[in-house]
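The values are calculated or read from the model by the stated rules, or taken from the named source; none is laboratory data. Bear in mind the structure is a predicted one, so any value in this text is a computation, not a measurement. Heads up, the Cβs are rebuilt from the backbone with ideal geometry, glycines too, and the neighbour counts pull from every protein chain shown. Accessible surface areas use protein heavy atoms only, side chains included; no ligands, DNA or RNA. Shrake-Rupley method; radii C 1.70, N 1.55, O 1.52, S 1.80 Å.
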Amino acid sequence: MTIDAAAIGAVFAAAGFLALLVGAIGLLRWPDVFTRLHAVHAAGIVGAPVALVGVAIASPSWTIAVKVIA
């Protein structure tokens, strides 16, 4: 793993976790149950895969990256 891969992985992971945080804030802030479900669903669809890709990029070996994604 190089420094560049670690930095790129950290950016992806941070973006994914930020999307999940925005979904959690939407869960607390929006008034209706359906809009709350929409916030959580949209954040889960976008945030979790992006965070997992970031962790896979930052992993030290390809076997760990495959295990993270699979």
### Query
How many residues are surrounded by 13 or more Cβ atoms within 10 Å (Cβ to Cβ) and among the hydrophobic types (A, V, I, L, M, F, W, C) if we restrict to region 23-36?
3
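Among the residues of region 42-55, count how many are over 10 Å from Phe12 (Cα atoms) and either among the small types (Gly, Ala, Ser) or in contact with a helix residue (DSSP H, G or I) (Cβ under 8 Å, 6 or more places away or on another chain) (or both). Let's see the steps before the verdict.
Pass one, region 42-55, residues over 10 Å from Phe12 (Cα atoms): 42-46, 48.
Keeping just the survivors that are either among the small types (Gly, Ala, Ser) or in contact with a helix residue (DSSP H, G or I) (Cβ under 8 Å, 6 or more places away or on another chain) (or both) gives 42-44, 46, 48.
Summing the residues that are over 10 Å from Phe12 (Cα atoms) and either among the small types (Gly, Ala, Ser) or in contact with a helix residue (DSSP H, G or I) (Cβ under 8 Å, 6 or more places away or on another chain) (or both) in region 42-55 gives 5.
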### Message
Which numbered condition in (1) under 9 Å from the mean Cα position of the chain (by Cα); (2) open to solvent by less than 90 Å² (accessible area, probe 1.4 Å) is the only one that Ile57 fails?
### Response
(1)
### Task
Identify, from the list Ala51, Ala39, Ala56, Ala19, the residue that is part of a helix (DSSP H, G or I) and modelled with pLDDT under 90.
Ala39
